[in-house]
């Protein structure tokens, strides 16, 4: 009986650990971004229990969260796009931010400074909040939708825009009369890079390159790509599986 109980306890502990690890890996989804910040009063004191509402301008989807006892808040796993944020607290005037952009793989910080409400409540629309990358160790470059749609491309492969980022060249060992080859990051062979699309693997396992790079007949059209980030060094473990760079694409 004791042995059976011990086995049941071990299985339960394994299940809890599995669920915890699954939640941790999901919180590190490579196809999303994050928005963090603080809420404070005019003297710089932090405001706990403030309500922060974030609205996706494209879908209208609303996210709501309360600041912790130290006045901090965090929105995780946000789809890349444009957002508007509003902070409210008891006895304070609300503050609304102008449009702000959450980029794929980006971890951005904004700070709200609420004013004490007078006899007549007013809503303060702040200027553009300072965007601070809270993970500066990663060496990465961001290509936005305007660059993808506005810059001319020979062959219309959006990944060729990665050539605008530092340390990227065409791999001469893959150049032929019918293709422009793979992309080499930091002198490393092109087949050692990894490509993600909306968080899913998009690598051709046979040729060790992005699917549709130049051998396969299928590729993504420029018009369906929203943005992408090229991480060439010291990127997070949630990306991984690459000896060179990771091209993280959101459609």
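Going by the structure shown, is residue 45 surrounded by fewer than 14 Cβ atoms within 10 Å (Cβ to Cβ) and either at pLDDT 95 or above or more than 17 Å from the chain's Cα centre (by Cα) (or both)?
yes
Any idea how many residues of region 57-88 are surrounded by 16 or more Cβ atoms within 10 Å (Cβ to Cβ) and closer than 23 Å to residue 196 by Cα?
Residues meeting the conditions: 6.
Can you go through 108, 122 and tell me which one is closer than 21 Å to residue 44 by Cα, at pLDDT below 85 and within 14 Å of the chain's Cα centre (by Cα)?
Every option except 108 fails the conditions.
Note down all Cβ pairs under 6 Å where the first residue falls in region 161-180 and is closer than 21 Å to residue 228 by Cα and in the same structural domain as residue 195 (by TED's automatic domain parsing), the second is in a helix (DSSP H, G or I) and at pLDDT below 80, and they're at least six residues apart or on different chains.
What qualifies is 171/190.
Would you call residue 211 more than 23 Å from residue 105 (Cα to Cα) and at pLDDT 75 or above?
So residue 211 does not fit the description; no.
Here is a list: 232, 141. Which entry is modelled with pLDDT under 80 and assigned to a strand (DSSP E or B)?
232
Looking at 155, 149, 167, can you tell me which residue is modelled with pLDDT under 80 and either more than 19 Å from the chain's Cα centre (by Cα) or crowded, with 20+ Cβ neighbours inside 10 Å (or both)?
After applying the criteria, what remains is 155.
The values are calculated or read from the model by the stated rules, or taken from the named source; none is laboratory data. Predicted model only: the values in this text are computed from it and were never measured. Ideal geometry is used to build each Cβ from the backbone, glycine not excepted, and the neighbour counts take in all protein chains shown.
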